[in-house]
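*Asks:* Please find one structure pasted underneath; my questions will follow.
The values are calculated or read from the model by the stated rules, or taken from the named source; none is laboratory data. These numbers come from a predicted model, not from an experiment. Using ideal geometry, Cβ is built from the backbone for each residue, glycine included, and neighbour counts are taken over all protein chains shown. Accessible surface is based on the protein model in full, side chains and every heavy atom, while ligands, DNA and RNA are left aside. Shrake-Rupley method; radii C 1.70, N 1.55, O 1.52, S 1.80 Å.
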Amino acid sequence: MTSDTQRLALFGAAPAFAAGRVVGRPNPVDRDRFLARMNRALDSEWLSNMGPLMYEFEARIAELAGVRHCVSVCNATVGLQLLVGDPATGGGPGDEVIVPALTFAATAHAVSWRGLTPVFCDVDPVTGLIDPDHVEQLITPRTRAIIGVHLWGQACDATRLGKIAESNGVRLYFDAAPAVGCSYGDTPVGGLGDAEVFSFHATKIVHSFEGGAVVTDDDALAARLRAARNFGFGPDGAVHLVGTNGKLSEASAAMGLTSLETLDELVARNRATYDEYRRALAGIPGVRVLEFDGANRNNHHYLMVTVAAQESGLHRDVLLDVLRAENVGARPYFAQPLHLMQPYVGPDTRSLPHAESLCGRLLALPTGPQVDAADVKVISEIVRTAVRHAPAVVARHADVTGAARE
């Protein structure tokens, strides 16, 4: 054991952090401003059912996204379900929606919940974004929509996907869950395709405790979505379509409005953290910070690295355990591609090599206001030490995990 490895918690040293540095901790908000909004809601006794705070939040999000309509919902998964089930999609049993294999499970689950079949597409081997070339190969007469995912705030190739969708007469939607405040060139994310879906989950850069929104410039679609989130009721009070209860509460809207007020500050802080990680991790064999297209704006809410075992000497999951022993709550995004998840794998499952490879190499490192430059230096030095002494780390990890299994 070297003096370097003796400093690692995996070898028995004290963890580098007494309090955890984690991925996805809720960003702080001004409590006084939030409570003032909540007091307004309590005083008005209007707590749900399309209250004034909800409409104010929708207006702010529509402005940020550069679109005419924001239809808020209780979470992004419901937003995707409403889109996929919209009559304009035209889907029914046996019809298909193309989705990337590298994304959160909810993207495919929303399709399945509406009775359509998700068809899994491979991704770009560097960015992890949906591969338009493979999308073209997967189009069939049963295809009703394409869903691109703006992974980690990176915008998909909306131009190319738009041409594919238009030439084949299918809808183009984007799962923009992590991409509030991002852009595709000069176009804000939110104004791409037929509609996009934001998430305001507590782990996102703008959060409303739990919530989401569909943003679009399609007037008719927005009207149907507003009805669909409210049991199908239209402005005349009659039920016009099969709907659900997908409304955003006033408490969530109050938090969303308060969270929006710190967006610019958080993006600037995240960008500084991103630059710090790039400097601190530079030159570590097999460890690469995922860089984003400079022509597009990113909120840098996620700091992603890839870990190549052949070059670094250790698998991503070994490095993950090394970091967790130090109370660094890194996370694999994503640990399993969708087409290999139990609900979707079957005898006809095809290999999607880029998605499968990335799923074994991607790692998210802590960001946000909780992480400062000193923390980045410590976390990066842990990574550097683990890679420098990879054989010893791998052997120690095998001993520790083997003992844990016994």
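*Asks:* Would you mention how many residues in the range 353-381 are in contact with a helix residue (DSSP H, G or I) (Cβ under 7 Å, 6 or more places away or on another chain) and open to solvent by 10 Å² or more (accessible area, probe 1.4 Å)?
*Replies:* Qualifying residue count, the range 353-381: 6.
*Asks:* Can you work out which of the residues in the range 115-134 that are farther than 21 Å from Gly162 by Cβ and among the β-branched types (Val, Ile, Thr) is most open to solvent (accessible area, probe 1.4 Å)?
*Replies:* Of everything passing the filter in the range 115-134, Val126 is most open to solvent (accessible area, probe 1.4 Å).
*Asks:* With (1) of a type outside the set (S, T, N, Q); (2) in contact (Cβ under 8 Å) with a residue 40 or more places away in the chain; (3) outside any loop (DSSP other than H, G, I, E, B) as the list, and His201 as the residue in question, which single condition is left unmet?
*Replies:* It is condition (3) that His201 fails.
*Asks:* Take the range 218-235 and flag every residue that is open to solvent by 50 Å² or more (accessible area, probe 1.4 Å), within 23 Å of Val67 (Cβ to Cβ) and not in a loop (DSSP other than H, G, I, E, B).
*Replies:* Asp219, Ala220, Ala223, Arg224, Arg226, listed by residue number.
*Asks:* Moving on. Restricting to the range 8-19, name every residue that is under 10 Å from Glu326 (Cα atoms) and either touching a residue at least 40 places away in the same chain (Cβ under 8 Å) or crowded, with 18+ Cβ neighbours inside 10 Å (or both).
*Replies:* If the condition is that a residue be under 10 Å from Glu326 (Cα atoms) and either touching a residue at least 40 places away in the same chain (Cβ under 8 Å) or crowded, with 18+ Cβ neighbours inside 10 Å (or both), then Leu8, Ala9, Leu10, Pro15, Ala16, Phe17, Ala18, Ala19 are the ones that fit.
*Asks:* Looking at Arg288, Arg279, Arg297, Arg269, which is the one that is closer than 23 Å to Gly20 by Cβ and modelled with pLDDT of 95 or more?
*Replies:* Criteria check complete, one pass: Arg269.
*Asks:* Of the residues Ser48, Ser112, which is under 24 Å from Gln342 (Cβ atoms) and surrounded by fewer than 19 Cβ atoms within 10 Å (Cβ to Cβ)?
*Replies:* Ser112
*Asks:* Picking from Val206, Val214, Val289, Val197, which residue would you name as being open to solvent by less than 20 Å² (accessible area, probe 1.4 Å), more than 26 Å from Arg68 (Cα to Cα) and within 24 Å of the chain's Cα centre (by Cα)?
*Replies:* Val289
*Asks:* Output the residues belonging to the range 317-338 that are over 13 Å from Glu356 (Cβ atoms) and either in contact with a Pro (Cβ under 8 Å, 6 or more places away or on another chain) or free of Cβ contacts under 8 Å to residues at least 12 places away in the same chain (or both).
*Replies:* Those that are over 13 Å from Glu356 (Cβ atoms) and either in contact with a Pro (Cβ under 8 Å, 6 or more places away or on another chain) or free of Cβ contacts under 8 Å to residues at least 12 places away in the same chain (or both): Asp317, Leu320, Arg324, Ala325, Glu326, Asn327, Val328, Gly329, Ala330.
*Asks:* From the residues in the range 6-35 that are of a type in the set (Lys, Arg) and out of contact with any strand residue (DSSP E or B) (no Cβ under 9 Å at 6 or more places or on another chain), which one is modelled with the lowest pLDDT?
*Replies:* Here the answer is Arg7.
*Asks:* Still on this model: Residues that are within 29 Å of Glu356 (Cβ to Cβ): which helices (runs of 4 or more DSSP H) entirely in the range 36-118 hold 3 or more of them?
*Replies:* Filter on the range 36-118 gives 76-84, 105-113.
*Asks:* Here's a follow-up. Enumerate the pairs (first residue in the range 275-298 and at positive phi; second residue anywhere and open to solvent by 70 Å² or more (accessible area, probe 1.4 Å) and part of a helix (DSSP H, G or I)) with beta-carbon separation below 9 Å, excluding pairs fewer than 6 apart on the same chain, so at least 6 apart or on different chains.
*Replies:* Correct list of pairs: Gly286/Gln310; Gly286/Glu311.
*Asks:* Let me ask something else about it. Among the hydroxyl-bearing types (Ser, Thr, Tyr), touching a strand residue (DSSP E or B) at 6+ places or on another chain (Cβ under 9 Å) and open to solvent by less than 20 Å² (accessible area, probe 1.4 Å) - does that describe any residue in the range 236-246?
*Replies:* The answer is no, given that none of the residues of the range 236-246 is among the hydroxyl-bearing types (Ser, Thr, Tyr), touching a strand residue (DSSP E or B) at 6+ places or on another chain (Cβ under 9 Å) and open to solvent by less than 20 Å² (accessible area, probe 1.4 Å).
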